[in-house]
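Only one structure is covered here, and it is reproduced in the block below.
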Amino acid sequence: MDNHRVIYSEMNLAKNSKRQQRKSKDSKSSISETEQEITYVELNLQNAAEDLRGDDKSYQCKDLLFPPEKLTAGILGIICLVLIFSVVTRVVILCILIFFAIAIQNRNNSFQNASIEKAYDCGCCPEEWFTYSTNCYYISKEFKTWNESVMACASNNSNLLYIDNEEEMTFLDSLILQSWIGVFRNSSGHPWVALHGSTFELQIAETEYKYNCAMLHDGSLRSDGCESSKRYYCKHSFRSKAS
């Protein structure tokens, strides 16, 4: 009886030890499987993080890269701005130069007129002018049309030549061969008049074309085309100044 108990207890111990071994194996296998799952999850998370970082870099690179169309448009825009700036700068410089040139010309004209007026007030003629009787005369160095000659003399505070008598005409004709005089007419059917409006009394020879401006030519007066270019006399009378 006791022997049977001993054998039965030994058998139970053996069974219990086998069960414990199985349980330990099961627990070890379950632990290893859990570790594998954790490792797999960690690897997945690591790969996902690397993918996100790669996407961020690609997005940043995409943002930094411009399409060729935008780059070309930007370059063309810069070139246009540079060209516009250069053109505007040149126009401004040109306007400034023109302004200073006009100012200098006006100043020179004012000085010239002042010197002429001063000479008239002193009863003498300005420099480069000469005196005959009671008048001052200026012989032009350039050739101008009749209208241009009128304006040139007016800018010097004088008038385009008006012949008072034949003696004056003979004297002036000895100096230059051809010159405009301040006599004109509106058409061939109208009388010759002076710039101040009085009728001109001396004879003016007609040409076949019946021109409307008068000139001094070779000791006589004759008509000619107003647009032709000639020298001219400017005249200033002391008598007109005194009166």
*Out of (1) touching a helix residue (DSSP H, G or I) at 6+ places or on another chain (Cβ under 8 Å); (2) farther than 21 Å from residue 139 by Cβ, the odd one out for residue 184 is which?*
(2)
*Inspect region 173-181 for any residue being farther than 24 Å from residue 206 by Cα and of a type in the set (D, E, K, R) and give the result as yes or no.*
no
_Enumeration of residues in region 130-140 that are at pLDDT below 90 and assigned to a loop (DSSP other than H, G, I, E, B)_ = 133, 134
*Just wondering, is there one or more residues in region 90-109 that are at pLDDT 85 or above, assigned to a strand (DSSP E or B) and surrounded by 10 or more Cβ atoms within 10 Å (Cβ to Cβ)?*
no
*Of 202, 177, which residue is surrounded by 11 or more Cβ atoms within 10 Å (Cβ to Cβ), in contact (Cβ under 8 Å) with a residue 40 or more places away in the chain, of a type outside the set (Lys, Arg) and assigned by TED's automatic domain parsing to the domain that holds residue 159?*
177
*If you take the residues in region 134-158 that are in contact (Cβ under 8 Å) with a residue 60 or more places away in the chain and among the hydrophobic types (A, V, I, L, M, F, W, C), which one is surrounded by the fewest Cβ atoms within 10 Å (Cβ to Cβ)?*
143
_Single residue of 164, 173 found to be acidic (Asp, Glu), in contact with a Gly (Cβ under 8 Å, 6 or more places away or on another chain) and closer than 24 Å to residue 128 by Cα_ = 173
*Which condition breaks for residue 218 when tested against (1) touching a residue at least 40 places away in the same chain (Cβ under 8 Å); (2) surrounded by 10 or more Cβ atoms within 10 Å (Cβ to Cβ)?*
(2)
*Can you name every residue in region 192-205 that is part of a loop (DSSP other than H, G, I, E, B) and within 24 Å of residue 148 (Cβ to Cβ)?*
192, 195, 196, 197, 198, 200, 202, 204
*Considering (1) assigned to a loop (DSSP other than H, G, I, E, B); (2) under 20 Å from residue 125 (Cα atoms), say which one residue 171 fails and leave the rest.*
(1)
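The values are calculated or read from the model by the stated rules, or taken from the named source; none is laboratory data. These numbers were taken from a predicted model, which means no experiment stands behind them. As a convention, Cβ positions derive from the backbone with ideal geometry for all residues, glycine included, and neighbour counts pool all protein chains shown.
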